[in-house]
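Chemist: The following block contains the structure, expressed as structure tokens.
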Amino acid sequence: MSPEIKQLRQRVNQCQSAIRRRLALESSQSRSPLWFLKNKRSLMRHLAGRRQAKAAMTRLASLRNHQNTEIVIGLHGLFEVLASDTVVTPAMMKNLNWDFDVLARAVELVEAETGNSLKSSTLLDIGANIGMVGIQMLGSGLMKRSISFEPDPTNFALLWSSVRLNALEDRFDLHACALGSAKGACNFEVSDTNAGDHRVRAGSTGDPAGEKYEESSRKVISVPMQRLDDLLDNAPGDFTRRIGLCWIDVQGFEAEVLQGGLTHFGTFGWPAVMEFWPYGLQRAGSSAGQIESLLSGIWTKFAVLANDGPVNWMPVSQVRELWDSVGTESDFVDLLLMK
């Protein structure tokens, strides 16, 4: 038997075992005893997790009843995906990964700059979608655990399911909410075709003038919003003490996310990969000057994240020039930000 066939059989067996675990979990929603919870904070986290799980399972049941999910056996994990999506799902099915070379390159550069391995570190995954970044990071052994935030109910349900498909429940701290500068509820617009382009509706996001993705006609729902500083103060210690890398992809809402986490970002200055999409940032009410000011208050340098080749570090003061270079049409780049 060739090594390739042997590896494929192993992946198929892994997938079948994962599906059996999923069905067993859903058929017997075991209720964990509460006596082991040591304090009120632990109890609140536990109850919030139960509520998230119940909502996720309800959403998944509806999706599956309409045959709207599929299982992708990826190179670094298993994923339950939305069958009707036209961007994330086709890419996952074709490539069996989602930009894994970019993830690996980011880890390589951070480790080279800091001199520390990220293998025992926590990923802070903001805009986690269905877990493409977090699950691949953990499944490949690049990082150990993840604190993941995803506001869209369908994406969160698929994230919740995929974490369990990979038996990673103990290594993920999941939050079904948006992050911003204030706590409360926010309007959230949902794309019919691209599950990776749901966005908090802010600034001019609902204005049809200059829009390129028919944002003003999108369905709008209400989702909870939290401040990152508040949530990290209450997160499990093993997760927060070891944060080694942040991954921020929130479709233009990055300024609000950073403002709600300035205490932690400013104190620790964790390395971060951030999608830099001037069109989305501008639609959400941000300007080049505001983004430059926010980033320079946390980090000192950045590099445009490419798959390979020499890295070109630039001072954060050049972010405004990068804004002009990328433009506000539809192009974007991923930035690696460091102190």
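The values are calculated or read from the model by the stated rules, or taken from the named source; none is laboratory data. The structure presented is a predicted model; accordingly, all values stated were derived computationally and were not measured. Ideal geometry is used to build each Cβ from the backbone, glycine not excepted, and the neighbour counts take in all protein chains shown.
Conditions (1) touching a helix residue (DSSP H, G or I) at 6+ places or on another chain (Cβ under 8 Å); (2) among the small types (Gly, Ala, Ser); (3) free of Cβ contacts under 8 Å to residues at least 24 places away in the same chain; (4) over 25 Å from Ala83 (Cβ atoms), marked per residue:
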{"position": "Asn116", "(1), (2), (3), (4)": "no, no, no, yes"}
{"position": "Gly127", "(1), (2), (3), (4)": "no, yes, no, no"}
{"position": "Gly141", "(1), (2), (3), (4)": "no, yes, yes, yes"}
{"position": "Ser161", "(1), (2), (3), (4)": "yes, yes, no, no"}
{"position": "Leu174", "(1), (2), (3), (4)": "yes, no, no, no"}
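Chemist: May I ask you to list pairs of residues, at least six apart or on different chains, whose Cβ atoms are under 7 Å apart, with the first in region 254-272 being over 23 Å from Thr114 (Cβ atoms) and in contact (Cβ under 8 Å) with a residue 24 or more places away in the chain and the second being among the basic types (Lys, Arg) and crowded, with 20+ Cβ neighbours inside 10 Å?
Modeler: Listed pairs, sorted by first residue: Gly260/Arg227.
Chemist: What about Ser120, is it surrounded by fewer than 16 Cβ atoms within 10 Å (Cβ to Cβ) and either part of a loop (DSSP other than H, G, I, E, B) or touching a strand residue (DSSP E or B) at 6+ places or on another chain (Cβ under 7 Å) (or both)? Reasoning before the result, please.
Modeler: Working: surrounded by fewer than 16 Cβ atoms within 10 Å (Cβ to Cβ): yes; either part of a loop (DSSP other than H, G, I, E, B) or touching a strand residue (DSSP E or B) at 6+ places or on another chain (Cβ under 7 Å) (or both): yes.
Considered against the rule, which asks whether it is surrounded by fewer than 16 Cβ atoms within 10 Å (Cβ to Cβ) and either part of a loop (DSSP other than H, G, I, E, B) or touching a strand residue (DSSP E or B) at 6+ places or on another chain (Cβ under 7 Å) (or both), Ser120 comes out as yes.
Chemist: Conditions: (1) at pLDDT 95 or above; (2) surrounded by fewer than 18 Cβ atoms within 10 Å (Cβ to Cβ); (3) not aliphatic (A, V, I, L, M). Arg242 meets all but one. Number of the miss?
Modeler: Unmet condition: (1).
Chemist: Another question, if that's okay. Show the residue pairs meeting these rules: Cβ distance below 7 Å; 6+ apart or different chains; first residue within region 69-83 and in a loop (DSSP other than H, G, I, E, B); second residue among the acidic types (Asp, Glu).
Modeler: Ala83/Glu70
Chemist: To continue, here is another question. Being modelled with pLDDT under 95 and exposed (fewer than 12 other Cβ atoms within 10 Å of the Cβ) is the filter here, so list the residues in region 308-323 that pass it.
Modeler: Within region 308-323, the first condition is being modelled with pLDDT under 95, and the residues that meet it are 308-312.
Passing the criteria: Asp308, Gly309, Pro310, Asn312.
Chemist: Right, next: Determine, yes or no, whether Leu305 is surrounded by 19 or more Cβ atoms within 10 Å (Cβ to Cβ) and modelled with pLDDT under 95.
Modeler: Details: surrounded by 19 or more Cβ atoms within 10 Å (Cβ to Cβ): yes; modelled with pLDDT under 95: yes.
So Leu305 fits the description; yes.
Chemist: Right, something else. Return the only residue of Gly289, Gly285 being at pLDDT 95 or above, surrounded by fewer than 18 Cβ atoms within 10 Å (Cβ to Cβ) and closer than 19 Å to Ala202 by Cα.
Modeler: On the way: Gly285 fails: at pLDDT 95 or above.
Within the list Gly289, Gly285, the selection yields Gly289.
Chemist: Now a separate question. Given the criteria of a type in the set (Phe, Trp, Tyr) and in a strand (DSSP E or B), does Trp247 qualify? Let's see the steps before the verdict.
Modeler: Numbers: of a type in the set (Phe, Trp, Tyr): yes; in a strand (DSSP E or B): yes.
So Trp247 fits the description; yes.
Chemist: Now for a separate question. Would you mind finding the one in Ser146, Ser161 that is closer than 18 Å to Asp249 by Cβ, in contact with a Leu (Cβ under 7 Å, 6 or more places away or on another chain) and buried (at least 24 other Cβ atoms within 10 Å of the Cβ)?
Modeler: Numbers: Ser161 fails: closer than 18 Å to Asp249 by Cβ.
Only one candidate qualifies: Ser146.
Chemist: Does Leu337 satisfy the criteria of being touching a Cys at 6+ places or on another chain (Cβ under 9 Å) and either farther than 16 Å from Leu124 by Cα or part of a strand (DSSP E or B) (or both)? Quick ask: steps written out before the conclusion?
Modeler: Values: touching a Cys at 6+ places or on another chain (Cβ under 9 Å): yes; either farther than 16 Å from Leu124 by Cα or part of a strand (DSSP E or B) (or both): yes.
The answer is yes for Leu337.
Chemist: Just name the residue that is farthest from the chain's Cα centre (by Cα) out of those in region 250-278 that are crowded, with 20+ Cβ neighbours inside 10 Å and in a strand (DSSP E or B).
Modeler: Filtering first and then ranking leaves Phe276.
Chemist: Which ones in region 214-235 are among the hydrophobic types (A, V, I, L, M, F, W, C) and under 18 Å from Ser146 (Cα atoms)? Quick ask: steps written out before the conclusion?
Modeler: Initial filter on region 214-235 (among the hydrophobic types (A, V, I, L, M, F, W, C)): 220-221, 223, 225, 228, 231-232, 235.
Leu228, Leu231, Leu232, Ala235 - these are the residues of region 214-235 that are among the hydrophobic types (A, V, I, L, M, F, W, C) and under 18 Å from Ser146 (Cα atoms).
Chemist: Being of a type outside the set (Asp, Glu) and at pLDDT below 90 is the filter; apply it to region 194-211 and report the residue that is surrounded by the most Cβ atoms within 10 Å (Cβ to Cβ).
Modeler: Within region 194-211, the first condition is being of a type outside the set (Asp, Glu), and the residues that meet it are 194-196, 198-206, 208-210.
Retained after the next criterion (residues that are at pLDDT below 90): 202-206, 208-210.
Working: Ala202: 20, Gly203: 17, Ser204: 16, Thr205: 23, Gly206: 16, Pro208: 10, Ala209: 6, Gly210: 11.
Here the answer is Thr205.
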